[in-house]
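Below: one structure, written as structure tokens.
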Amino acid sequence: MRDLNQLYYATNREIRDLLLSGKQRITENVLLELLRDRGILCSHDEPREALVERLSMLTHDYADVCGLLERREAQRRGEKTSTISIDVPLTPEELKEIIDEYQMAETGERVTHYKRSPDEFVMNVTYFDPDYSKTRLLQWQELYATIEFVKKDGRTELRIPATDKARAIVDNIKTRVEEKKKRSVQLQEIELTNLTSPEERTTFFTKLISSLPHFPLENVSRLRVAHSKNDDQGEDLDLEDEEAEEAAAKMLGVVENVALTGENLVASEMYQDLKAKGFYITSITWRARQDVDPYAMAEFDAGFEDKQAAKRFRYSVHGVLRFKNGKYTKNIRPVEDGEKSALLSMIEQTARKVLADLVSAQAAAEAQAEGNGEAK
């Protein structure tokens with residue numbers, strides 16, 4: 001049973017665990033600064049553990065603890081995004097009514113929403129997600145989920161964070177839509193369940209990275225591969241696996257040749273060897289150079305969370321290198337919300353088109369094969 005005496009303050013042990021677990025953010029210099037603010041001067045040669053021990057034994061009020069938590073918190077990286085489509089067009093007015101009902105039912109969450117345009121609606125959810133593997137002061141973190149709704153072509157597209165919580169919110173909304181519409185609602189995602197061959201799955205990625213409008217491929221920096229013969233184990237072979245590391249290195253060269261020079265994937269001897277062994281791409285990180293103003297160099301990431309089934313497509317924009325004074329900045333920088341939204345939309349639309357083209361090509365090939373069979 002939890003000790004009620006510890007509900008309202010942090011013990012020295014919890015402060016110590018907090019400081020020790022935040023080595024990347026709370027460095028030795030930060031510890032020296034915090035001690036100096038308390039009037040305590042320590043040598044730069046003093047071990048980190050000793051600095052932490054000295055600091056944790058001091059009295060900390062609420063503001064002090066909040067300050068340590070803020071310093072400990074890592075800067076939020078560009079989280080991955082997913083897209084889900086509902087086969088029902090929903091107006092902002094209908095969404096407002098549904099989300100208001102959601103808010104009344106989910107009392108442990110803070111929900112806000114607003115109408116962005118006649119066809120767009122945004123829902124923001126603030127919630128707490130416990131992680132009991134962390135020290136007590138970090139177990140309950142305030143998290144955020146922004147869900148964007150866009151009515152388009154007789155359906156509603158949802159852009160969501162690639163998290164289980166966001167998907168649970170979507171499932172909840174789906175149920176409420178079904179109650180309102182008095183009909184079953186289908187959720188559709190970008191997935192390669194009908195494209196089972198290693199060649200088709202790898203082609204999806206090569207065409208994706210080479211088809212972004214006004215963002216021709218510059219280079220591929222990283223990719224992961226899976227083994228189609230590993231379905232029974234359900235495990236992904238990534239760069240931590242020796243065999244997969246070698247396969248990924250070879251695949252990296254194949255992908256760049258295919259995407260940059262237009263080489264036929266099927267004609268590549270190296271790829272044929274990888275294909276014979278059952279390897280295919282499951283995620284990829286690449287950079288693309290914008291060929292119109294402002295000529296930014298953007299870094300993207302795309303892949304499937306469920307690697308064997310090629311489901312739960314997720315993607316992100318890591319950031320951009322800005323073109324200034326005839327050269328690119330050295331450090332990649334985050335993009336503003338408006339620009340990020342446009343880049344994510346570009347990935348979504350390109351991925352949908354590439355997938356539709358591959359499915360059509362597969363259907364045409366199957367129809368031709370059936371026709372040849374009947375002819376015989």
Collect the residues in segment 52-88 that are at pLDDT below 85 and among the hydrophobic types (A, V, I, L, M, F, W, C), keeping them in residue-number order. Ala63, Val65, Cys66, Leu68, Leu69, Ala74
I need a count of the residues in segment 22-31 that are under 12 Å from Leu69 (Cα atoms) and open to solvent by less than 60 Å² (accessible area, probe 1.4 Å). 2
Which condition number does Phe204 fail, the rest of (1) open to solvent by 30 Å² or more (accessible area, probe 1.4 Å); (2) modelled with pLDDT of 95 or more; (3) under 19 Å from Ser316 (Cα atoms) being met? (1)
In segment 258-309, which residues are part of a strand (DSSP E or B) and of a type in the set (A, V, I, L, M)? Ile281, Ile284, Ala288, Met297, Ala298, Ala302
In segment 261-285, what residues are touching a Leu at 6+ places or on another chain (Cβ under 6 Å) and surrounded by fewer than 18 Cβ atoms within 10 Å (Cβ to Cβ)? none
Report whether or not Ser316 is in contact with a Phe, Trp or Tyr (Cβ under 9 Å, 6 or more places away or on another chain), modelled with pLDDT under 95, crowded, with 16+ Cβ neighbours inside 10 Å and not in a loop (DSSP other than H, G, I, E, B). no
Quick one: in segment 247-288, which of the residues that are more than 28 Å from Ile332 (Cβ to Cβ) and charged (D, E, K, R) is modelled with the lowest pLDDT? Glu263
Give all pairs with beta carbons closer than 7 Å in which a residue from segment 18-34 that is closer than 11 Å to Leu55 by Cα and modelled with pLDDT of 80 or more meets a residue that is crowded, with 18+ Cβ neighbours inside 10 Å and among the small types (Gly, Ala, Ser); count only pairs at least 6 apart in sequence or on separate chains. Leu19/Ser56
Would you check if Ala145 is without any contact (Cβ under 8 Å) to a residue 40 or more places away in the chain, under 21 Å from the mean Cα position of the chain (by Cα), within 30 Å of Glu70 (Cβ to Cβ) and surrounded by 13 or more Cβ atoms within 10 Å (Cβ to Cβ)? yes
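The values are calculated or read from the model by the stated rules, or taken from the named source; none is laboratory data. Not measured: the values here are computed from a predicted model. When we count neighbours, we look across all protein chains shown, and the Cβ atoms used for this are built from the backbone with ideal geometry, even at glycine. Ligands, DNA and RNA are excluded from the accessible area calculation, which covers all protein heavy atoms including side chains. Shrake-Rupley method; radii C 1.70, N 1.55, O 1.52, S 1.80 Å.
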